[in-house]
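Questions regarding the structure given below will be posed in turn.
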Amino acid sequence: MNSTPTQSLFWKRLKRNKGALAGIVVIVLSFLLFVFAYVIAPDNTPFANTIVPEIGSKKPGFSTQLLQVKKERSIGETSFFSTLINGKESPYNLVPIVKHEQVSDSIIVHKFVDEGITERQSYHLSKLADEPVIERTYHVGTDKFGRDILSRLIVGVRVSLSVGFIAVLISLTIGILLGSLAGYFRGWIDDVIMWLINVIWSIPTLLLVFAITLALGKGFWQVFIAVGLTMWVNVARLVRGQVLAVRELEYVEAAKALGFSHNRIMFLHILPNILGPVMVIAASNFASAIVIEAGLSFLGVGVQPPQPSWGLMIKENYNFIITNNPMLALAPGIAIMLLVLAFNLLGNGLRDALNVKAKL
């Protein structure tokens, strides 16, 4: 059979690659944020979309007192599992205040309107939460709508990892299938598949994504499918080349001589021996999918508001780069850079660890 590194040898090489280990740490932390986003985020409302317009575009570290005023409609209880998946709607509206005092059964507050401007208001205790005044620090600042940037960064990791996972799943499914058929059967099947690959290859990726997105419509799932349908070409070309090399080896000839079916030979004998290069290109495609999704959201044809996407956050706040609060756009940009770098480092580490010709 095709010579591959043993599992212990693979892990030994991977552990020696500090860049790959750093990438794995970032990816694991990102997946933990993916699962527990609404538990970790300071704002655990759906899409971290608590709007407090008075405190919009504040710098990192901004701290303020907030008065919790009950909403007119009642908010039902939310289970832990539901909160974990979709967040929990807050039963209170938040009012930023400068100071407050309790007088009998009411609370007198000085509502924050703007720098140096306040408005005196009175609220009956029955209209307020049991803990009427809380203090909140916005560690990464607020956007122009007064939403917590840190919370939206944490919840936004779900979009990036989801689009990467689904796009890679679609691209691997199509690419492995077509690449295997082209490399194994050759002949006219190979000619037809290679013609299709060359046609798709000739179209600029971003233009093809635009066309598919406009055909499917804007939205969360549409962008996943659009990105996945444009990334299978690289996988198909790689798998075809690997299958063309492996199909000539002795163990494949022996399997044919024993009368095994084509499906059994491809899926049980050939594909397991070419998974190394496929894993490497999957990590690379994961990083590319994150960048493409961010680009689509920035251009307004990807994930739609109020759902947080790192690309959409850059679009909403990029004007502040040249003002006194550049962190509004830099924070999601740094998040994209770190996650993409992590997957590229992992891909490079997998490539080196799976290289049977490399020295220990």
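The values are calculated or read from the model by the stated rules, or taken from the named source; none is laboratory data. Since this is a predicted model, take the numbers as computed values, not measurements. Heads up, the Cβs are rebuilt from the backbone with ideal geometry, glycines too, and the neighbour counts pull from every protein chain shown.
T118: among the hydroxyl-bearing types (S, T, Y), free of Cβ contacts under 8 Å to residues at least 40 places away in the same chain and not in a loop (DSSP other than H, G, I, E, B), yes or no? First the steps, then the outcome.
Working: among the hydroxyl-bearing types (S, T, Y): yes; free of Cβ contacts under 8 Å to residues at least 40 places away in the same chain: yes; not in a loop (DSSP other than H, G, I, E, B): yes.
Criteria met by T118.
Residue by residue, here is whether (1) in contact with a Phe, Trp or Tyr (Cβ under 6 Å, 6 or more places away or on another chain); (2) of a type in the set (G, A, S); (3) at pLDDT 90 or above; (4) loosely packed, with under 15 Cβ neighbours inside 10 Å holds:
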position	(1), (2), (3), (4)
A236	no, yes, yes, no
A245	no, yes, no, yes
I281	no, no, yes, no
S284	no, yes, yes, no
A287	yes, yes, yes, no
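On the given criteria, is I170 farther than 23 Å from F267 by Cα and among the β-branched types (V, I, T)?
Working: farther than 23 Å from F267 by Cα: no; among the β-branched types (V, I, T): yes.
No; evaluated as a whole, the condition is false for this residue.
Continuing with this model, one more query. Which residues, counting only those in segment 191-219, are in contact (Cβ under 8 Å) with a residue 60 or more places away in the chain and either closer than 18 Å to A287 by Cα or among the aliphatic types (A, V, I, L, M) (or both)?
Going residue by residue through segment 191-219, those that are in contact (Cβ under 8 Å) with a residue 60 or more places away in the chain are 205-206, 209-210, 213-214, 218-219.
Within segment 191-219, T205, L206, V209, L214 meet the criteria.
Moving on. Take L67 and decide whether it is surrounded by 16 or more Cβ atoms within 10 Å (Cβ to Cβ), more than 22 Å from R158 (Cα to Cα) and over 19 Å from the mean Cα position of the chain (by Cα). Write out each step before concluding.
Values: surrounded by 16 or more Cβ atoms within 10 Å (Cβ to Cβ): yes; more than 22 Å from R158 (Cα to Cα): yes; over 19 Å from the mean Cα position of the chain (by Cα): yes.
So L67 fits the description; yes.
Spot the failing condition for P332; the list is (1) more than 20 Å from I225 (Cα to Cα); (2) in contact (Cβ under 8 Å) with a residue 60 or more places away in the chain; (3) surrounded by fewer than 24 Cβ atoms within 10 Å (Cβ to Cβ), and only one is missed.
(3)
Out of curiosity, is K99 in contact with a helix residue (DSSP H, G or I) (Cβ under 8 Å, 6 or more places away or on another chain), of a type in the set (K, R) and outside any helix (DSSP H, G or I)? Break it down into steps so the answer makes sense when it comes.
Numbers: in contact with a helix residue (DSSP H, G or I) (Cβ under 8 Å, 6 or more places away or on another chain): no; of a type in the set (K, R): yes; outside any helix (DSSP H, G or I): yes.
Considered against the rule, which asks whether it is in contact with a helix residue (DSSP H, G or I) (Cβ under 8 Å, 6 or more places away or on another chain), of a type in the set (K, R) and outside any helix (DSSP H, G or I), K99 comes out as no.
To keep it simple, each residue is scored yes or no on (1) surrounded by fewer than 18 Cβ atoms within 10 Å (Cβ to Cβ); (2) modelled with pLDDT of 90 or more; (3) among the β-branched types (V, I, T); (4) more than 30 Å from V209 (Cα to Cα).
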| position | (1), (2), (3), (4) |
| --- | --- |
| G116 | yes, no, no, yes |
| V159 | no, yes, yes, no |
| I170 | no, yes, yes, no |
| L178 | no, yes, no, no |
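Related question: Hey, E135 hits all of (1) touching a residue at least 24 places away in the same chain (Cβ under 8 Å); (2) exposed (fewer than 11 other Cβ atoms within 10 Å of the Cβ); (3) farther than 27 Å from I154 by Cβ but one; which does it fall short on?
(3)
In segment 97-115, which residues are under 20 Å from F62 (Cα atoms) and either touching a residue at least 60 places away in the same chain (Cβ under 8 Å) or not aliphatic (A, V, I, L, M) (or both)?
Once the filter is applied, which keeps residues that are under 20 Å from F62 (Cα atoms) and either touching a residue at least 60 places away in the same chain (Cβ under 8 Å) or not aliphatic (A, V, I, L, M) (or both), segment 97-115 yields K99, H100, H110, K111, F112, D114, E115.
Evaluate the following for K70: is it farther than 22 Å from M313 by Cβ, touching a strand residue (DSSP E or B) at 6+ places or on another chain (Cβ under 9 Å) and without any contact (Cβ under 8 Å) to a residue 60 or more places away in the chain?
Working: farther than 22 Å from M313 by Cβ: yes; touching a strand residue (DSSP E or B) at 6+ places or on another chain (Cβ under 9 Å): yes; without any contact (Cβ under 8 Å) to a residue 60 or more places away in the chain: yes.
For K70, the condition - farther than 22 Å from M313 by Cβ, touching a strand residue (DSSP E or B) at 6+ places or on another chain (Cβ under 9 Å) and without any contact (Cβ under 8 Å) to a residue 60 or more places away in the chain - is met.
Counting only residues that are of a type in the set (A, V, I, L, M, F, W, C), surrounded by fewer than 15 Cβ atoms within 10 Å (Cβ to Cβ) and either closer than 30 Å to L206 by Cβ or in contact (Cβ under 8 Å) with a residue 12 or more places away in the chain (or both), how many does segment 250-265 have?
Counting residues in segment 250-265 that are of a type in the set (A, V, I, L, M, F, W, C), surrounded by fewer than 15 Cβ atoms within 10 Å (Cβ to Cβ) and either closer than 30 Å to L206 by Cβ or in contact (Cβ under 8 Å) with a residue 12 or more places away in the chain (or both) gives 0.
Something else about it: Check off (1) surrounded by 14 or more Cβ atoms within 10 Å (Cβ to Cβ); (2) among the charged types (D, E, K, R); (3) closer than 20 Å to I97 by Cα for R13 and give me the number that stays unchecked.
(3)
May I ask you to say which residue of L208, L229, L214 is at pLDDT below 80 and either surrounded by 20 or more Cβ atoms within 10 Å (Cβ to Cβ) or assigned by TED's automatic domain parsing to the domain that holds Q307 (or both)? Don't jump to the end; show me each part of the working.
On the way: L208 fails: at pLDDT below 80; L229 fails: at pLDDT below 80.
Answer to the check: L214.
Tell me which of these T64 doesn't satisfy, since it passes every other one: (1) touching a Lys or Arg at 6+ places or on another chain (Cβ under 7 Å); (2) over 21 Å from H110 (Cβ atoms).
(2)
For segment 289-324, what are the residues that are polar (S, T, N, Q), over 25 Å from S171 (Cβ atoms) and buried (at least 19 other Cβ atoms within 10 Å of the Cβ)?
The first filter runs over segment 289-324 and keeps only residues polar (S, T, N, Q), leaving 297, 304, 307, 309, 317, 319, 323-324.
Adding the requirement that they be over 25 Å from S171 (Cβ atoms) leaves 317, 319, 323-324.
Matches in segment 289-324: N317 only.
Identify all residues within segment 198-216 that are under 20 Å from the mean Cα position of the chain (by Cα) and not hydrophobic (A, V, I, L, M, F, W, C); write none if there are none.
Within segment 198-216, T205, T213 qualify.
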